[in-house]
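Participant: Structure below; questions to follow.
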Amino acid sequence: MAMRQTPLTCSGHTRPVVDLAFSGITPYGYFLISACKDGKPMLRQGDTGDWIGTFLGHKGAVWGATLNTDATKAATAAADFTAKVWDAVSGDEVLSLAHKHIVKTVSFTQDNNCLLTGGNDKLLRIYDLSNPEAAPQEIAGHTSAIKKALWCNNDKQILSAAEDKTIRLWNRSSMEEVKTLTFDTSVSSMEYVADGEILVITYGKTIAFYNALSLELIKTVEAPAPINSASLHPEKDFFVAGGDDFKLYKFDYSTKEELESYKGHFGPVHCVRFSPDGELYASGSEDGTLRLWQTAVGKTYGLWKCVLPEDLGAENSEQLYTSTPEIKA
């Protein structure tokens, strides 16, 4: 009997959800932050999607959001020309970092001491969070707006993707460009997997995997539709992707075979990420919702309760879950 994927729907946002990120696993579980054009990033319990709080203070669309590993701090990038750092426990704004243009991306170092930002002024900035009054270090080189910037190689290097159709690898100490990848079209997303130093990028209908240290190509996979985001499972068995046809696709990483596809959103999928334990993946869409999807459909986890077929009575033999198909979190 085929199991039916039953995503958890997280409502609350009023505009498209454009970015999301998970924390690491903490003593209190793991957490999920979402960036939305409504200007109100939200924090949720990662395994259930339950709303914890909303970070209030931005005066424009929020394009990027991230949590530090232990979910004590959040950072957001917004159209109000600021990046903000928040106390993720109290929800209070800790810092507001003024920029000269729209900010698109934020990333903490592993030790939480520095924040990397990038955006429409084409510059990468590194802020010392222990001395926020100091001028940030600036790295120039991109010729168009920066979409995503990440720390890699134990924070010794930086990866950045921009509208200039390039991904660039930078040395943090010399602040010089190490290598550049050039594409025929703009890169739509970039994910860094520290375990194995893998870079997952999407452009057009292509999902590509690179070695993050050498920027040498590992493999590419073609999807049925233009893809906006992809994420590799922590154990690297498979990866998921979402894009313009409203669907989520799951592929086998080694064979590149399409395993599953699900439609749940009512608009293009802008972002998708696996949870740190790999048990679920989250997607954010133009439709204003986040959805949580099970990696192993039918497993008891979070709000999903598996009912074995022999436990089902005749009156509910069609229903494999004790929950309703559209679960609101």
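The values are calculated or read from the model by the stated rules, or taken from the named source; none is laboratory data. Predicted, not measured: the structure shown is a model, and the values here were computed from it. No Cβ is skipped: glycine too gets one built from the backbone with ideal geometry, and neighbour counts run over all protein chains shown. When the accessible area is computed, the model is the full protein with side chains, heavy atoms only, and any ligands, DNA or RNA have been set aside. Shrake-Rupley method; radii C 1.70, N 1.55, O 1.52, S 1.80 Å.
Participant: Aspartates and glutamates within cross-link reach of K165: Cα-Cα under 13 Å, excluding same-chain residues under 8 positions apart?
Facilitator: Hits, sequence-local ones excluded: D184.
Participant: Considering the Cα positions of the range 136-279, please state its Rg to one decimal place and its Dmax as a whole number of Å.
Facilitator: Gyration radius and largest Cα-Cα distance of the range 136-279: 15.1, 46 Å.
Participant: Given contacts defined as C-alpha pairs under 8 Å and at least six residues apart, what's the relative contact order of the range 41-175, whole-number percent?
Facilitator: Working: 332 pairs, mean separation 18.7, N = 135.
Worked out over the range 41-175, it gives 14 percent.
Participant: Which of the chymotrypsin sites (Phe, Trp or Tyr not before Pro) found in the range 1-102 are in a DSSP loop and have at most 16 neighbouring Cβ atoms, other than their own, within 10 Å? Write out the running numbers ahead of the final one.
Facilitator: Details: sites: F22, Y28, Y30, F31, W51, F55, W63, F81, W86; in loops: Y28, Y30, F55, F81.
In loop regions of the range 1-102 (DSSP not H, G, I, E or B), the sparsely surrounded chymotrypsin sites (Phe, Trp or Tyr not before Pro) are Y28.
Participant: If you roll a 1.4 Å probe over the range 142-208 with all protein chains in place, what percent of the accessible area is carbon or sulfur?
Facilitator: Details: 1120 of 2570 Å².
About 44 percent, which is the carbon plus sulfur part of the accessible surface.
Participant: If you don't mind, another one. What FRET efficiency comes out for the pair S130/M3, r = Cβ-Cβ distance, R0 = 56 Å, nearest 0.05?
Facilitator: Working: r = 49 Å, r/R0 = 0.88.
So, using R0 = 56 Å, E works out to roughly 0.70.
Participant: If you don't mind, another one. Straight-line reach from K299: which lysines fall under 27 Å, measuring Cα to Cα and dropping same-chain residues less than 8 apart?
Facilitator: The reachable lysines, counting only those whose Cα sits under 27 Å from K299, are K236, K247, K250, K256, K263, K328.
Participant: Further question on the same structure: Using the basic label-point model (7 angstrom from Cα toward the beta carbon), what is the T182 to Q137 distance in nanometres?
Facilitator: 2.7 nm
Participant: Per-residue HN-Hα couplings for the range 14-26, Karplus 6.51 cos²θ - 1.76 cosθ + 1.60 at θ = phi - 60°, whole Hz, x for Gly and Pro?
Facilitator: 10, 9, x, 8, 10, 7, 8, 8, 9, 7, x, 7, 10
Participant: Here is a follow-up. Skip the ligands, DNA and RNA, and give the accessible area per residue of the range 8-304 with a 1.4 Å probe, whole Å². Display every interim value, and only then the final one.
Facilitator: Values: 11330 Å² over 297 residues.
The answer is 38 Å² per residue.
Participant: Turning to a different aspect of this structure: Please calculate the 1.4 Å probe accessible area of R15, with all protein chains present, and give it to the nearest 10 Å².
Facilitator: Accessible area, nearest 10 Å²: 120 Å².
Participant: Suppose each label sits 7 Å from its Cα in the direction of the beta carbon; what would the E222-T300 distance come out to in nanometres?
Facilitator: Distance between label points: 4.5 nm.
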